[in-house]
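Engineer: Mind looking over this structure? Questions follow.
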Amino acid sequence: MATINKKRQLGRPVSVVGAGLSQFGAFPDKDSRDLFVEAFRDMIQNMDKGFDIQDIECAYVGNYSSDLFEHQGHTAPIVADWLGITPIPITRIENACASSGSALREGVMAIASGMYDVVLVGGMEKMTNLPTDGVTDVLASAADGLYEVPAGLTFPGIFGAIAKAHMDRYETNLDHLLKVAIKNHANGALNPKAQFQQTVNTMAERRIARAQERGQDVPEYNSELDFLNDERANPWIAWPLRLYDCAPITDGASCVLLVSEDIAHNFTDKPINIAGIGQATGKPLHDSDELTSLSAAKAASQQAYEMAGITVSNVDLAEVHDCFTIAEIVATEDLGFFAPGEGPRAVDEGRTALDGDHPINTSGGLKAKGHPVGASGVGQVIEIYHQLRGEGGERQVKKENPTVGVTHNVGGTGGTCVVNVLRRES
Amino acid sequence: MDNEFTSTAFYTKLKEDRQLVGVKCKDCGHLSPEPRPMCPQCHGFNMEWHQFSGKAKLSTFTCISIVPVTMAAKGYGRNNPYCTGIVTLEEGPQISAMINGVDGTNPQGIETGMDLVLDPDHLDEVTPSLAFKPA
């Protein structure tokens, strides 16, 4: 069919003109609606030229499972009520951990269609009400409940199986995975919104101090890797993945304001344009062609790059879906930053660090910033928005005037992938 | 009887017949270990049951220490991790399965590529799992 090869373009350009993020962490007294209001407040307080809330015409909110986490369905209208924006249409989008990535895509298309000029998109997840095994079960319900879950596969388990396949096929080892965690914690330590604002070194020092206080055997660590290789400090979750290979359980929310590009300068002199959007769908890992790659990520990135008219060499930085350390390595290969199997070496060589040639997850990523699953996709867009505007603070990328940033948001184990290309106005 | 190709039938055949029975598309020959009413390859609805040999090779695996509630009920946990992964059936398709008969506490001793056979023993009546064991 001819439509398969159709060059896809937005009906009209769309810009991001505001961004807000709640604190990420564990907040026992807050519900998801409260977290969303916190993100919204952060956004409206930081709009460059102010903004009238009544201008919002439509909203999309990503949320994976308020139903199971909070026993609350139909959450979108509650958010609209809490923001005082009824009766505008608001729709909840559920695509597992890519929920807000997909919500953003819906918002972009709503403006590109010509239907609306000002659209609020965001995401939220309140996860810490449940104990860890309960969260594990809820997350596992994003996998195939008939054929993956009964086989005992959990989310860390599926990514553990991907890691094992990567180790078998390439020269990937356990230290490569842990080095992703070290880098992302180093970035998270510079992010005041992050759940973990500590380097791995700081965590090692705390463990030593705790042992001293309690009069226990005091461990000795010669390096951050040494600490992460201590099974007591960093226990196995799903071999070959340990605790520090996994993103945490997080409460949080995110939102951005999208507008038609022709009115963007009414809101800010520094809009960030949505240059390309891509979304693709994959099968369960056992039905995938490859065990070391997510086909949906490759397809989504090709769509987004083509729409933006860029190649991977134009990309200055990226926020990728590091729900597990191996997921970051696979993402950097699927997005074309590195050849298949070269991702681990790139980590070794510091190429993905803040001062590297391909900075990845300057926010700390899902690993250190936190992973309130429904909020993560828009959270990634917010980091790129700030970096492209030069607002990264201590964690601003070292390259001068970054122009193009990419986000990569995965739902489930690759069932959904959303990739966006964001570009600063020249 | 389109809807006979269901997961219920899959697990019933696993429990009662001790066989891995999936489906084959009569039009294009596509094999699927998971029964489904529609061929994902040619989009036809002309499926038939297909019994797999039960021979497989281990493609990749993980040993899980932080276990879901259902596996905790079976006695697995931090001190008793279980092995699960993806197997490639002799006939070609892959499927997720528990790997019994290996030491989950020693993943370095588990070899991908090893020969496996269907393990229909120890099937839990409430939450049955497809499982393989070393051949």
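Engineer: Roughly how many nanometres apart are two label points built 7 Å out from the Cα toward the Cβ at B:Thr127 and A:Glu400?
Structural biologist: 5.9
Engineer: I would also like to ask the following. How long are the semi-axes of the ellipsoid equivalent to chain A, from square roots of 5 times the Cα gyration tensor eigenvalues, in whole Å, largest first?
Structural biologist: 32, 24, 22
Engineer: Sort all Cα-Cα distances of the stretch B:55-134 into consecutive 5 angstrom bins from zero, then give the percent of pairs in each bin up to the one containing the longest distance.
Structural biologist: All Cα pairs, binned at 5 Å, distribute as 3, 16, 27, 25, 19, 8, 2, 0 percent.
Engineer: Please give the direction-averaged projected area of the C-alpha convex hull for the stretch A:107-203, in square nanometres with one decimal. Intermediate values should be presented prior to the final figure.
Structural biologist: Working: hull surface 44.1 nm².
Averaging across all directions leaves 11.0 nm² for the Cα convex hull.
Engineer: At a Förster radius of 25 Å, what calculated FRET efficiency corresponds to the Cβ-Cβ distance of A:Glu290 and B:Asp103, to the nearest 0.05?
Structural biologist: On the way: r = 28 Å, r/R0 = 1.13.
Here the calculated transfer efficiency is 0.35.
Engineer: Arrange the following residues from fewest to most other Cβ atoms within 10 Å of their Cβ: A:Arg207, A:Arg12, A:Arg33.
Structural biologist: Details: A:Arg207 17, A:Arg12 13, A:Arg33 21.
Placing the least packed residue first, the sequence is A:Arg12, A:Arg207, A:Arg33.
Engineer: Using the 10 angstrom Cβ neighbour count as an exposure proxy, how do A:Ile263, A:Ile93 rank, fewest first? Display every interim value, and only then the final one.
Structural biologist: Working: A:Ile263 14, A:Ile93 24.
Lowest count first: A:Ile263, A:Ile93.
Engineer: Which far-off residues, 5 or more places away or on another chain, put their amide H under 5 Å from the one on B:Gln94, with H placed in the peptide plane?
Structural biologist: Excluding prolines and chain starts, which carry no amide H, the hits are B:Leu89.
Engineer: Starting from the amide H of A:Ala275, placed 1.01 Å from N in the peptide plane, find each other amide H under 5 Å away whose residue is 5 or more places distant or on another chain.
Structural biologist: Distant-sequence amide H within range of A:Ala275: A:Val421, A:Leu422, A:Arg423.
Engineer: Scan around A:Gly62 for amide H atoms under 5 Å from its own, H built in the peptide plane at 1.01 Å from N, and keep only partners 5 or more places away or cross-chain.
Structural biologist: The answer is A:Ile93, A:Gly122, A:Gly123, A:Met124.
Engineer: Let me make sure I get this right: for the stretch A:191-312, a, b and c are the square roots of the gyration tensor eigenvalues over alpha carbons, sorted descending. Under 1.5 in a/c it's rounded, otherwise prolate if a/b > b/c, else oblate. Which is it? Kindly include the intermediate steps, with their values, before the conclusion.
Structural biologist: Working: a/c = 3.37, a/b = 1.68, b/c = 2.01.
Oblate shape, in that a/c is at least 1.5 and b/c is the bigger or equal ratio.
Engineer: Radius of gyration and Dmax for the stretch A:283-353's Cα atoms, expressed in Å?
Structural biologist: Every Cα atom of the stretch A:283-353 included, Rg and Dmax give 12.3, 34 Å.
Engineer: Using the basic label-point model (7 angstrom from Cα toward the beta carbon), what is the A:Gln302 to A:Asn46 distance in nanometres?
Structural biologist: 3.6
Engineer: Taking chain B as a whole, which cysteines find no other cysteine Cβ under 4.7 angstrom from their Cβ?
Structural biologist: Isolated Cys, chain B: B:Cys63, B:Cys83.
Engineer: Using the basic label-point model (7 angstrom from Cα toward the beta carbon), what is the A:Arg232 to A:Thr86 distance in nanometres?
Structural biologist: 5.6
Engineer: Here's something else I'd like to know. Once you list every other residue whose beta carbon is under 15 Å from the beta carbon of A:Tyr147, what net charge do they have if Lys and Arg are +1 and Asp and Glu are -1?
Structural biologist: Here the count lands on -1.
Engineer: Could I ask something else about it? Between A:Asn266 and A:Gln9, what FRET efficiency follows from the Cβ-Cβ distance if R0 is 30 Å, with the result rounded to 0.05?
Structural biologist: 0.80
Engineer: Can you give the calculated 222 nm mean residue ellipticity of chain A, where each DSSP H run of n ≥ 4 adds -39,500 (n - 2.57) and the sum is split over every residue, rounded to the nearest 500 deg cm²/dmol? Each step should come with its number before you reach the end.
Structural biologist: Details: 14 runs with 148 residues, N = 426.
Value at 222 nm, helices only, nearest 500: -10500 deg cm²/dmol.
Engineer: As I understand it, the value is the acute angle between the Cα axis of helix A:325-334 and the longest principal axis of the Cα atoms of chain A; what does it come to in degrees, rounded to 10?
Structural biologist: 50
Engineer: How big is the gap, in Å, between the Cα center of the stretch A:199-272 and the Cα center of the stretch A:79-116?
Structural biologist: So the two Cα centres are separated by 29 Å.
Engineer: Could I ask something else about it? Sort out for me the Cα centre separation of the stretch B:100-135 from the stretch A:347-404, rounded to whole Å.
Structural biologist: That distance is 41 Å.
Engineer: Past the 15 angstrom mark, what percentage of all C-alpha to C-alpha distances in the stretch A:22-81 do you count?
Structural biologist: Values: 1024 of 1770 pairs.
Here the tail beyond 15 Å accounts for 58 percent of pairs.
No lab work stands behind these numbers, since they all come straight from the coordinates. Here the structure is a predicted model, which is why all the values come from computation and not from measurement. No Cβ is skipped: glycine too gets one built from the backbone with ideal geometry, and neighbour counts run over all protein chains shown.
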